[in-house]
Amino acid sequence: METTDPQPVEARDSAALLPLYRVMRRIRAFENAAEIASQGGVAAWGLAEKAGKPAQVRGPLHLSTGQEAVAAGVCAALRRDDLLTSTHRGHGHTLAKGADPRRMMAELFGKAGGFNGGKGGSMHIADFSVGMLGANGVVAAGLAIAVGAAQGLRLQAGGGLSARIVCCFFGDGATNRGPFLESLNWAAVFGCPVLFVCEDNRISATTPTASMSAGAGIAARAAALGVPSVAVDGNDALAVAAAARALVALIRADNRPRLLHAVTYRFKGHVSVDPGTYRDADEVEQALAADPLRRTRDRLLALGAPAAELDALDAAVDAEIAAAVAFAEADAAPDASAAFTDVLDAGPQWH
């Protein structure tokens, strides 16, 4: 059975909200810069004009623009040594967990200084130093990886309570794939400390998820496997953070899985060069009007945060991301010999 966050979350001052806004603002700035770079220019970030030159980011780039409150709120409830698995739309999760935006941008640019030496790209960024086990280009694949990691934590704890947990982000489309059932079942049967976070942006690539999902929904599927769930407004950063903290506390206490169902909206098309014209124009307009970043800033102003302070924060974040783009631009391309590293040698029969 799915429950909702019991009461609206209100901050008495801006102290609880300001760190969430900073993370959300960093995610938005990173995604905007990456989008521009994937379309053939970075001039908007104060760098050299790129007119007529090819895109700096090659291949599919899946943006999380509009979903920042989920990543910020959930990761605020995690410790640095907690583990995390992400999706093909994972820039926000990676940044919120504390990864270096410079090395992230270099990875998108295919440069040697990227987290994977430029060989993984957008959909395979990982940073083990902050517990980020990796994004994943296969829909729902991160679920099984998260459960395996959680099983490992239990084994390291000798079968007792693990002080660390695993957070697994996945989209609503993933709930229609086999690994969702298999992973929740395994986590429930073997008592794995996993926080499953369904980042429900209500569309699977280009198709509304509701039109191809039978039954009573995500909560009913989780309940059938004995995994309690909580629903939350995924565009309310404070509500997400409060719900995530409550679930994380329960998981740490009993090492049993829980699910957080955060309903949000993806502003952009499926990839950065997709205009998303298959979406209802009124729906998009309503979503943009309820922008979680603007909503968070407005709440901070209402709580008395000086506009000048927020403007300074915005400028500092923009400068940070501009520096990340400059770092990626200036970084060296991988040496050709790197093609033979980080690969599996399957033996002479494959040579």
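Report the residue, chosen from ALA140, ALA302, ALA242, that carries the largest GNM mean-square fluctuation when the chain is represented by alpha-carbon nodes joined by springs under 10 Å.
ALA302
Between ASN176, ASN235, ASN136, where does the largest GNM mean-square fluctuation fall for the chain, given springs only between Cα atoms within less than 10 Å?
Largest GNM mean-square fluctuation: ASN176.
Please report the antiparallel percentage of the DSSP beta bridges confined to the chain, to the nearest 5. Could the numbers behind the result be given before it?
Values: 3 of 28 bridges.
Counting only bridges with both partners in the chain, antiparallel ones make up about 10 percent.
For GLU283 and ALA220, FRET efficiency with R0 = 25 Å and r from the beta-carbon atoms, rounded to 0.05? Write out the running numbers ahead of the final one.
Numbers: r = 25 Å, r/R0 = 0.99.
For ALA220 and GLU283, the calculated efficiency is 0.50.
Quick one, what does Rg over Rh come out to for region 142-297 if you take C-alpha atoms and the Kirkwood Rh? Could the numbers behind the result be given before it?
Numbers: Rg = 16.8 Å, Rh = 16.6 Å.
Computed over Cα atoms, the ratio is 1.01.
Go ahead and estimate [θ] at 222 nm for the chain from helices alone: -39,500 (n - 2.57) per DSSP H run with n ≥ 4, summed, over the residue count, rounded to 500.
Details: 11 runs with 141 residues, N = 351.
Mean residue ellipticity at 222 nm (helix-derived): -12500 deg cm²/dmol.
Report the Cα centroid-to-centroid distance between region 111-138 and region 203-259 in angstrom, as an integer.
The two parts, judged by their Cα centres, are 26 Å apart.
Return the aspartates and glutamates within reach of LYS119: Cα separation strictly under 12 angstrom, same-chain partners fewer than 8 residues apart disregarded; answer none if there are no such residues.
GLU107, ASP335, ASP342
Per residue, how many Å² of accessible area does region 239-338 show with a 1.4 Å probe? Could the numbers behind the result be given before it?
Working: 4630 Å² over 100 residues.
Accessible surface, normalised per residue, equals 46 Å².
Per the Kirkwood definition applied to all pairs of different Cα atoms, how many angstroms is the hydrodynamic radius of region 203-258?
On the way: mean 1/r = 0.0758 Å⁻¹.
It works out to 13.2 Å.
Could the peptides 96-103, 74-81 be put in order, highest first, of the mean number of other beta-carbon atoms found within 10 Å of their residues? Spell out each step's value before the answer.
Details: 96-103: 20.8, 74-81: 19.0.
Going by the mean number of other Cβ atoms within 10 Å, highest first, we get 96-103, 74-81.
In percent, how large is the relative contact order of the chain, given Cα pairs closer than 8 Å and 6 or more residues apart? Mind dumping the intermediate values first?
Details: 684 pairs, mean separation 86.2, N = 351.
Reported relative contact order: 25 percent.
Over region 167-216, how many percent of alpha carbon pairs lie in each 10 Å bin up to the one with the longest distance?
Pairs per bin, as whole percents: 24, 51, 22, 3.
Using only alpha carbon pairs under 8 Å that are at least six residues apart, calculate the relative contact order of region 89-223 and give it in whole percent. Please report the intermediate quantities before stating the final value.
Details: 181 pairs, mean separation 22.4, N = 135.
It comes to 17 percent, rounded to a whole number.
Note the full-extension length gain between ASP298 and PHE128 as 0.36 nm times their separation in residues minus their Cα-Cα distance, in nm to one decimal.
Values: separation 170, 0.36 × 170 = 61.20 nm, distance 3.50 nm.
Computed gain between ASP298 and PHE128 is 57.7 nm.
Within the chain, which DSSP H helices have Cα atoms that stretch 27 Å or more along the helix axis and a mean Kyte-Doolittle hydropathy of at least 1.6? Display every interim value, and only then the final one.
Details: long enough: 18-38 (30 Å, 0.02); 307-330 (34 Å, 1.00).
Once both thresholds are applied, nothing remains.
On the protein heavy atoms, probe 1.4 angstrom, tell me the percent of accessible surface of region 198-351 carried by carbon and sulfur. Kindly include the intermediate steps, with their values, before the conclusion.
On the way: 4710 of 7730 Å².
So the carbon and sulfur contribution to the accessible surface is 61 percent.
Comparing ASP335, ASP318, ASP127, which has the greatest mean-square fluctuation in the GNM of the chain with Cα pairs linked when under 10 Å apart?
Highest fluctuation of the listed residues: ASP335.
The values are calculated or read from the model by the stated rules, or taken from the named source; none is laboratory data. These numbers were taken from a predicted model, which means no experiment stands behind them. Every residue, glycine among them, receives a Cβ derived from its backbone with ideal geometry; neighbour counts consider all protein chains shown. With ligands, DNA and RNA removed, areas are computed over all heavy atoms of the protein, side chains included. Shrake-Rupley method; radii C 1.70, N 1.55, O 1.52, S 1.80 Å.
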